[in-house]
Amino acid sequence: MRPFCIFGAGIVSTSIYTALKDTYHCKPITFLVSEMKNNPTQIDGIPVKIFSEWDTSDKNIVYLIAVPESHHSIIADLFRRKEVSKKQIVFIDNNRENQIVGDFCAKSSLFITIQQMLETERPTIEVFQAQSHMDRILQNTINSHKYICPIQVGANLTDKVFIDRRDNIGDNISTKNRNYCELTASYYAWKHSQAAFKGLCHYRRIFDINDEQMGELLKRSTGWDVILPYPSIHYPNIAGQHLRYINETDWCAMRLALKETAVEYYNVFDSIFQEQFFYNFNMLIARQDVFDDYCNFLFSVLSRTEELTTPKGWERSDRFAGYLGENLTTLYFMANKDRLKILHAGKIWLT
């Protein structure tokens, strides 16, 4: 393999780096970033350098652009200004990321992918796709998967109705959508869906599982309990993941809520957050009993956290509960990874 650099120092780049290192046994010369602000100075002992100061005269070096796909055009302009040949640039788009990280997960004994597990019945399934009246219009879409059920979230916060299924029927937390984000759809699924398998995705983030694959998975439904997106991989661990989105007061309130309502998870919290793997976006597809147990845990902790925050959670309009939910989702499934049959799949970003 030719020498290469990885542009980026965030979640995408560290995930790609780990997959390449462990699966293909290759490492980059360096990581490159547009600026050092909020970026580490090294990742796993490999330096992180500013791209504008990097010597691009060596035409043999390949540059892997490992940042969110929405930033690719901006990065392309940076390379164009430094006259880097297009032949030297490889953009890690959704398909490449899923392939690279998927190969890593398939090789690792820690994860099972859907490609490794396919089996005879077809239980019912509802995967709720959270959509809000505040969502921006998407430029690229795909044909809707039959197992995906769009649901309007935050329906109590607007007079606009654009989906028949809404999160404000019966027992609901629709008015908390500004805090809980997509989790108001998870609450709906918990309280109102009787499907054998149920789950959550987003208006612009869905699982990379087509209808044919899902049909095969449902035929083999005794072979798995939950599907999660490939985890993001952090250095040195996920303990500081919350610092970007969650203030310390809310973080401490959540920890206290865990201690009060789910002490068995509180007791393993520190050890799990010393690991590298983090499940973003609150996305999952799970057997009904697993989904309901997860939701009972999740919403019990978040409800108590609301009471412990200052100001109280229901007096605010930020996304604290949604961000805390990602950490609790990670905690729940990492704590239960030995008793649950967990599959992993890629995700598709719609832009």
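The values are calculated or read from the model by the stated rules, or taken from the named source; none is laboratory data. In this text, all values refer to a predicted model and were calculated from it rather than measured experimentally. When we count neighbours, we look across all protein chains shown, and the Cβ atoms used for this are built from the backbone with ideal geometry, even at glycine. Note: accessible area is taken over every heavy atom of the protein model, side chains too, but ligands, DNA and RNA are not part of it. Shrake-Rupley method; radii C 1.70, N 1.55, O 1.52, S 1.80 Å.
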Extreme residue, positive dipole direction of the chain, given options HIS234, PHE320, LEU298 (C-beta unit charges): HIS234
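Ratio of alpha-carbon Rg to the 2.2 N^0.38 Å globular estimate for segment 50-185, to two decimals, please.
Here the Cα radius of gyration is 1.52 times the empirical estimate.
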Can you tell me the FRET efficiency between LYS37 and ALA106 if r is taken as the Cβ-Cβ distance and R0 is 30 Å, rounded to the nearest 0.05? 0.25
Can you give me the accessible area per residue for segment 252-351, using a 1.4 Å probe, in Å²? 39
Please give the calculated 222 nm ellipticity per residue for the chain, where each DSSP H segment of at least 4 residues contributes -39500 (n - 2.57) and the sum is spread over every residue; nearest 500 deg cm²/dmol? -11000 deg cm²/dmol
Which percent of the accessible area of the chain is formed by carbon and sulfur heavy atoms (probe 1.4 angstrom)? 48
So VAL161 and MET134, fully extended at 0.36 nm per residue minus their Cα-Cα distance, gain in nm 8.5 nm
Only Lys, Arg, Asp and Glu count, each charged at its Cβ (+1, +1, -1, -1), so figure out the dipole size of the chain about its Cα centre, rounded to 20 debye. 700
Translational D in µm²/s for segment 195-313 (Stokes-Einstein at 10 °C, 1.306 mPa s, Kirkwood Rh from C-alpha pairs): 97
Hey, if you drop one equal point scatterer on each alpha-carbon of segment 216-274 and run the Debye formula without solvent, what base-10 log of I(q)/I(0) do you get at q = 0.12, 0.18, 0.25, 0.30 Å⁻¹? -0.48, -0.82, -1.08, -1.21
Write down the accessible area per residue of segment 1-108 in Å², having rolled a 1.4 Å probe over the full set of protein chains. 52
Here the Kirkwood hydrodynamic radius of the chain, Cα-based and in Å, equals 21.5
Distance between the C-alpha centers of segment 296-351 and segment 129-198? Whole Å please. 17
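What net charge do the residues around PHE7 carry, taking every other residue with its C-beta under 12 Å from that of PHE7, with Lys and Arg at +1 and Asp and Glu at -1?
Within the 12 Å Cβ shell, the charges total +2.
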What is the dipole size for segment 265-351, taken about its Cα centre, with +1 at each Lys and Arg Cβ and -1 at each Asp and Glu Cβ, in debye to the nearest 20? 220
So, with +1 on the Cβ of K and R and -1 on the Cβ of D and E, and no other charges, what is the size of the charge dipole of segment 90-175 about its Cα centre, to the nearest 20 debye? 160
Provide the net charge surrounding LEU258, with neighbours chosen by a C-beta distance below 15 Å and charges set as Lys +1, Arg +1, Asp -1, Glu -1. -4
Long-range Cα-Cα pairs in segment 255-351 (distance over 24 Å), rounded percent: 24
Give, as a single signed number, the net charge of other residues whose beta carbon lies under 12 Å from the beta carbon of ASP293, with Lys and Arg counted +1 and Asp and Glu -1. -1
Dipole of the chain, positive end: most advanced residue of SER132, SER85, HIS192 [Cβ charges, Cα centre]: SER85
